[in-house]
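In what follows, a structure is listed as C-alpha cells, so that the remarks can point back to it.
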Amino acid sequence: MTHTQSQSPRITQRRGRLLLAVGLAACTALLAGTVDAGAQEAVHASTAATVTNSAVTEYATPTPFAAPGGTALGPDGRIWFTEYLGQNIGAITPGGVISEYHLPAGIEPVNITPIAADGQHGALMFFTALGDQGTIGVDGSAPNSWSTLGGGEIGTATGLDGTTVWTAEAFRYDLDTPGRIVKDTGYGPLEYFDISTPDGVEASPTAVAVAPDGTIWFTDMHDTSEGYIGKLTTDGIITEYPIGLGHANVVELFSGLSYAIAAGPDGNMWFTLPFSRSIGRITPAGVITLFDTGAIRPFGITTGVDGNLWFTTLPCGVFGVPCSDTQSFYAGSKAAKLGRITPTGDITSYPLPTPTGGGWGISTGADGNLWFTETDASKIGTMSTSPMKPPAPTVASGASSATITVSANPDGPAPTTYVVTASPGGKTCNVTGATGSCTISGLSNGKKYTFTTTAANTSPRATAASAASAPVKIGYLALRLNRTTNTTITTTFNAPGVGWVQQYGYSMQQSRASTSHQLSICGLTKKVNKAGKTKLTCTMTKAAQAARKRGTLVVSMVTTFMATGKAPVASTTTLTLRHH
C-alpha cells in the first residue's frame with residue numbers, strides 16, 4: 001500500500017540509537033508483503049580460502065573512535081562515509097586526504113548515498129541518522145535540511161535518476177506502524193510503501209538497493225531465525241521471498257538478519273547474512289541461492305570493477321556482538337578480513353593489516369579501487385582490484401614453440417586474463433582465468449628466448465607485468481655437423497630429456513649437368529637415457545656414397561625426439577657435403 005505524507009522532507013532533526021534500532025528490529029520484524037516461496041536451492045558448501053594480502057592501505061580517521069560506518073562514492077569523486085560515534089560525515093580523496101564535517105548535536109549518521117546536482121541545488125550527500133534524514137553539500141557546506149520520520153532509517157540508496165532517494169525504515173518509534181520503504185524525490189511530500197503481512201505483524205526492512213531495471217530490492221528480517229528479500233516494482237507492487245535458511249550455520253540469534261544488499265554484475269541481487277555466515281544471491285524471478293562463507297561473517301557488500309562482489313566482515317559491538325575485548329574478538333581466524341565472492345560462488349578472504357578492523361560499508365571508488373570502513377579500528381581502508389605484479393612464468397620448450405604457465409600474485413586480487421610475450425620477436429599468447437597455460441608457436445629452434453606475462457583485469461582495464469623468465473632454448477634439437485667421412489655423417493644435439501630419437505637423412509645430388517635427384521642417406525633410432533648432448537652417426541647408403549664421389553651433396557637431416565606424455569620435438573638441418 002502506498003500513501004504520502006504532507007510535511008515537506010528534510011526540515012527537522014531527531015536523535016536515534018543504532019543498537020536500539022537493531023534491537024527493536026530483531027524483536028518486531030516479521031514476514032512482510034505478498035510472500036512468494038520462489039525456487040530454493042541447497043546451500044553451497046563453503047569454498048572460502050584465505051590468502052595473504054599486502055595490497056591494502058589504511059587511513060585513520062582524524063576523530064579517534066569515530067566508528068565509521070556506511071560508504072558511498074560521491075559526485076565529486078571522493079568516498080563519503082558516516083561516523084556514527086564521531087557524529088560526523090567524512091570524505092576521503094583517492095590520495096587518502098580525509099575531511100570531516102561535524103553534524104549538529106545528537107545526529108548519529110548510519111548510511112549515506114549521493115544526490116546528483118539539478119537545476120535547483122548542487123550535488124549533495126544524503127544520509128540516514130535513525131529517525132532523521134539529512135543532506136550535506138559535497139563542497140562541505142553544513143547540513144542544510146532535515147526530516148523527522150519518527151523511525152529507524154537504516155539503509156539508503158539513490159535511484160537511477162540520480163536524485164530520488166530510497167530509504168529502508170526498519171521500524172517506527174511508536175511501534176504502531178510496521179517498517180516501510182520511503183521514497184524522497186527532494187521536492188514535495190515523502191512517499192511511503194507499507195509492507196503488509198498476511199498475519200498483520202510488522203515488517204522490518206534494513207537495507208535497500210536499486211537494480212539495473214529500476215526495481216527496488218530490500219532486506220527484511222522476519223524474526224530472529226528467518227529473513228526475507230523484498231522487491232518493490234516501479235508500479236508499487238511489493239513481493240517478498242523467504243531466504244530459506246536451514247543449514248548448519250544457523251545457530252545464533254539474528255541468524256535471519258540480512259544486513260546489506262547490492263546489484264551484482266550478473267543481473268542478480270546479492271545480500272549478506274552475517275549471523276548465518278552466508279552470502280545470498282537472488283534472481284529477478286526470486287530464485288535464492290546461499291553460499292556458505294565458513295568462519296567469515298559478511299557484512300557490507302558491493303560490486304568491484306573486476307566483475308566480482310566484495311564484502312566487509314562484521315565489526316564487534318553490532319547486533320549484540322561483545323566488544324569488551326576486541327583483541328580476543330578478532331584473534332586468530334576471527335581477524336578482520338576483506339572478502340570476495342565470484343558470480344559463481346567462489347569465496348576468498350584477504351586479512352586486513354589491522355586485525356581489529358571489522359567494518360560496515362564498502363564502495364567502489366572513481367579510481368576503480370575498493371574503499372571500506374574499519375569501524376572498530378576507526379580507519380578507512382582501500383584495496384586495488386587491479387592485479388599485482390605476477391611471478392615470472394614457467395616455460396616448457398617445444399618444437400619451434402614454447403608452452404608458458406602463468407600464475408597470480410597471491411597478495412592481491414586474481415587477474416582475469418594474461419598476455420604472454422616472447423623476446424626476441426614479440427610473439428604472444430593469451431590465458432583466460434586466474435592461472436593457466438598457453439603456447440607460442442613459430443619460434444626458432446636452437447634459439448634462446450625469455451618470456452614475460454602481463455596480468456590484467458577489465459572494466460576498466462588494469463595491468464601488471466612480471467619479470468622475465470630465465471632464458472629457454474627452443475627446440476633443443478638443432479643439429480650441428482660434428483664429423484663426416486666418405487661413408488658416415490656424425491651429428492650432435494641436446495636432448496631435452498629421456499626418450500627416443502629418430503633421425504632420417506636424404507640428399508639432393510648436384511652434378512655438372514645441374515641435374516638433381518633425392519638419395520636416401522640413412523635412418524636410425526636411438527634411446528636417450530638423460531638430457532644433454534647426444535651423438536648420432538649414420539652410414540650413407542652405397543648410392544649416396546657413389547653420388548658424393550661424383551660431386552657435392554646437399555643433405556637434409558630430420559631429427560625427432562619423442563617422450564611419453566609429451567608432444568614430439570622435431571628439427572631439420574641442411575648440410576653441404578663435398579667429396580674428400
(request) Largest first and to the nearest Å, give the Cα extent of region 394-473 along each principal axis. (result) 39, 20, 17
(request) Beta carbons within 10 angstrom, averaged per residue: use that to sort the peptides 120-126, 442-448, 259-265, highest first. (result) 259-265, 120-126, 442-448
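R0 = 30 Å: FRET efficiency of A468 with K530, Cβ-based, nearest 0.05?
Values: r = 28 Å, r/R0 = 0.94.
E between A468 and K530, to the nearest 0.05, is 0.60.
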(request) Under a cut-off of 27 Å between alpha-carbon atoms, report the lysines in cross-link reach of K231, not counting same-chain residues fewer than 8 places apart. (result) K183
(request) Please list the non-local residues whose amide H lies under 5 Å from the amide H of T488, H modeled 1.01 Å from N, same-chain partners needing a gap of 5 or more. (result) M540
(message) Take the residue pairs K473/K542; K448/K566; K447/K542; K542/K566 and return only those whose Cα atoms are more than 26 Å apart.
(response) K473/K542; K447/K542; K542/K566
(message) I'd like the trypsin sites (Lys or Arg not before Pro) in region 480-552 restricted to DSSP loop residues with at most 10 other Cβ atoms within 10 Å, sorted by number.
(response) R512, K530
(request) For K389, go through the lysines and keep the ones whose alpha-carbon is under 19 Å away, minus same-chain ones fewer than eight residues off. (result) none
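Computed from the coordinates by the stated procedures, all read-outs in this text should not be read as laboratory data. Please read these numbers as outputs of a predicted model, since none were measured by experiment. All Cβ positions, glycine included, derive from the backbone under ideal geometry; neighbour counts span all protein chains shown.
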